[in-house]
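Right, one structure below, let's go through it.
The values are calculated or read from the model by the stated rules, or taken from the named source; none is laboratory data. Predicted model only: the values in this text are computed from it and were never measured. For neighbour counting, all protein chains shown are included, and Cβ atoms are generated from backbone atoms with ideal geometry for every residue, glycine included. Ligands, DNA and RNA are excluded from the accessible area calculation, which covers all protein heavy atoms including side chains. Shrake-Rupley method; radii C 1.70, N 1.55, O 1.52, S 1.80 Å.
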Amino acid sequence: MPQVSRVDNSTLKDQEPTRNNFLNALPAEIQQRVIPHMELVEMPLGAVLYEAGEVMRHVYFPTDCIVSLLYVMENGSQAEISVVGNDGFVGMSLMMGGESTTSRGIVQSAGYAYRIIGSRMKTEFNRHSDLLDLTLRYAQALITQMAQTAVCNRHHSIEQQLCRWLLLSLDRLEGNHLVMTQELIANMLGVRREGVTEAAGRLHVKGVIDYSRGHIEVTDRAKLESICCECYSVVKSETDRLLPYCPHKK
């Protein structure tokens, strides 16, 4: 299983901490207190950041990767409950004092992130009202995403779920390209691979996406949004309201 590994910050000049929009939105005073204590880590596809019930040690701030938070059933089946990218961070339970959670954190789209020891981040969280306020607003946006994902998985078609998943993922990356196999997407959505294959095929025929050997490119975002159910717009509207620092994609 791939592992998160530390890399030399100086070798990757384009991976500045402020590529994470949450860190970039913090006042300079807080940035100066927390960023020196962060280390850049490589986040390979499939790396598990934590398992359900494990005590978290780090808080992760993705710059160009995506982390899926998954709920894993006793029989091994799983489904994604939310995605985290450059809009925020992984480790909310640690920040809130819970130390662990019932979900698994796994890298969905490879890239890089900055991480910091949880105890250090909690100290700053309790010290600065601006950091507290931003964290609570991000928590509300994350809860909205989780709730809407549950509704979507219950009431909407696999094609609509795939559209929502693609849009939420792309909003947390730069560009319109994802590296993701249909099998992994099926695991994220908690559906059969054949269903994802059929849904992706229909989107390709409609001129919405190109798909080849695990590479997905959205070629018509406007049409993708029109095909998608209401769930994406609900999450996006609430995220835009709570986190105005996030760039708006069109």
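Looking only at the stretch 158-188, residues that are surrounded by 22 or more Cβ atoms within 10 Å (Cβ to Cβ) and at pLDDT below 80 come to 2 in all. Restricting the stretch 207-237 to residues that are closer than 15 Å to Ile158 by Cβ and either touching a Ser or Thr at 6+ places or on another chain (Cβ under 7 Å) or among the basic types (Lys, Arg) (or both), the residue that is surrounded by the most Cβ atoms within 10 Å (Cβ to Cβ) is Ile209.
Counting only residues that are over 14 Å from Lys236 (Cα atoms) and touching a His at 6+ places or on another chain (Cβ under 9 Å), the stretch 141-193 holds 4 of them.
Which of the residues belonging to the stretch 68-85 are crowded, with 16+ Cβ neighbours inside 10 Å and assigned to a loop (DSSP other than H, G, I, E, B)? Don't jump to the end; show me each part of the working.
Our first condition is that a residue be crowded, with 16+ Cβ neighbours inside 10 Å; within the stretch 68-85, this holds for 68-71, 78-85.
If the condition is that a residue be crowded, with 16+ Cβ neighbours inside 10 Å and assigned to a loop (DSSP other than H, G, I, E, B), then Gly85 is the only one that fits.
Here Ile143 meets the list (1) of a type in the set (Val, Ile, Thr); (2) open to solvent by less than 40 Å² (accessible area, probe 1.4 Å); (3) under 27 Å from Asn24 (Cα atoms) almost entirely, failing just condition (2). Residue pairs whose Cβ atoms lie under 6 Å apart, separated by 6 or more positions or on different chains, with the first residue in the stretch 220-247 and at negative phi and the second in a loop (DSSP other than H, G, I, E, B), are Asp220/Gly207; Asp220/Val208; Lys223/Val208; Leu224/Val208; Cys229/His156; Cys246/Asp87.
Just to be sure I understand, how many residues within the stretch 110-121 are among the charged types (D, E, K, R) and surrounded by fewer than 18 Cβ atoms within 10 Å (Cβ to Cβ)?
Step one: filter the stretch 110-121 for residues among the charged types (D, E, K, R), giving 115, 120.
Filter once more, so that each one left must be surrounded by fewer than 18 Cβ atoms within 10 Å (Cβ to Cβ): 120.
The number of residues fulfilling the criteria is 1.
Within the set Gln31, Gln15, Gln78, the sole residue that is within 22 Å of Asn153 (Cβ to Cβ) and either of a type in the set (S, T, N, Q) or in the same structural domain as Val191 (by the TED database) (or both) turns out to be Gln78.
In this structure, does Ile158 turn out to be within 15 Å of His204 (Cα to Cα), more than 13 Å from the chain's Cα centre (by Cα) and in the same structural domain as Ile216 (by the TED database)? First the steps, then the outcome.
Numbers: within 15 Å of His204 (Cα to Cα): yes; more than 13 Å from the chain's Cα centre (by Cα): yes; in the same structural domain as Ile216 (by the TED database): yes.
Considered against the rule, which asks whether it is within 15 Å of His204 (Cα to Cα), more than 13 Å from the chain's Cα centre (by Cα) and in the same structural domain as Ile216 (by the TED database), Ile158 comes out as yes.
Does Gly88 fit the bill of being out of contact with any Pro (no Cβ under 6 Å at 6 or more places or on another chain), of a type outside the set (S, T, N, Q) and not in a strand (DSSP E or B)? Spelling it out, Gly88 is indeed out of contact with any Pro (no Cβ under 6 Å at 6 or more places or on another chain), of a type outside the set (S, T, N, Q) and not in a strand (DSSP E or B).
Restricting to the stretch 111-142, what's the tally of residues that are closer than 18 Å to Phe61 by Cα and free of Cβ contacts under 8 Å to residues at least 24 places away in the same chain? Walk me through how you get there before you give the answer.
From the stretch 111-142, those closer than 18 Å to Phe61 by Cα are 111-125, 130-142; that's our starting set.
Okay, now just the ones that are also free of Cβ contacts under 8 Å to residues at least 24 places away in the same chain, so 119, 123, 132-133, 136.
Residues flagged as closer than 18 Å to Phe61 by Cα and free of Cβ contacts under 8 Å to residues at least 24 places away in the same chain within the stretch 111-142 amount to 5.
The single residue among Val59, Val107, Val41 that is in contact (Cβ under 8 Å) with a residue 24 or more places away in the chain, open to solvent by less than 40 Å² (accessible area, probe 1.4 Å) and closer than 18 Å to Leu189 by Cα turns out to be Val107. The lone criterion from (1) under 24 Å from Pro247 (Cβ atoms); (2) of a type outside the set (A, V, I, L, M); (3) open to solvent by less than 30 Å² (accessible area, probe 1.4 Å); (4) in a loop (DSSP other than H, G, I, E, B) left unmet by Gly46 is number (1).
Out of all the residues in the stretch 15-23, is one or more of a type in the set (Lys, Arg), assigned to a loop (DSSP other than H, G, I, E, B) and either open to solvent by less than 10 Å² (accessible area, probe 1.4 Å) or farther than 22 Å from Thr181 by Cα (or both)? Within the stretch 15-23, not a single residue is of a type in the set (Lys, Arg), assigned to a loop (DSSP other than H, G, I, E, B) and either open to solvent by less than 10 Å² (accessible area, probe 1.4 Å) or farther than 22 Å from Thr181 by Cα (or both).
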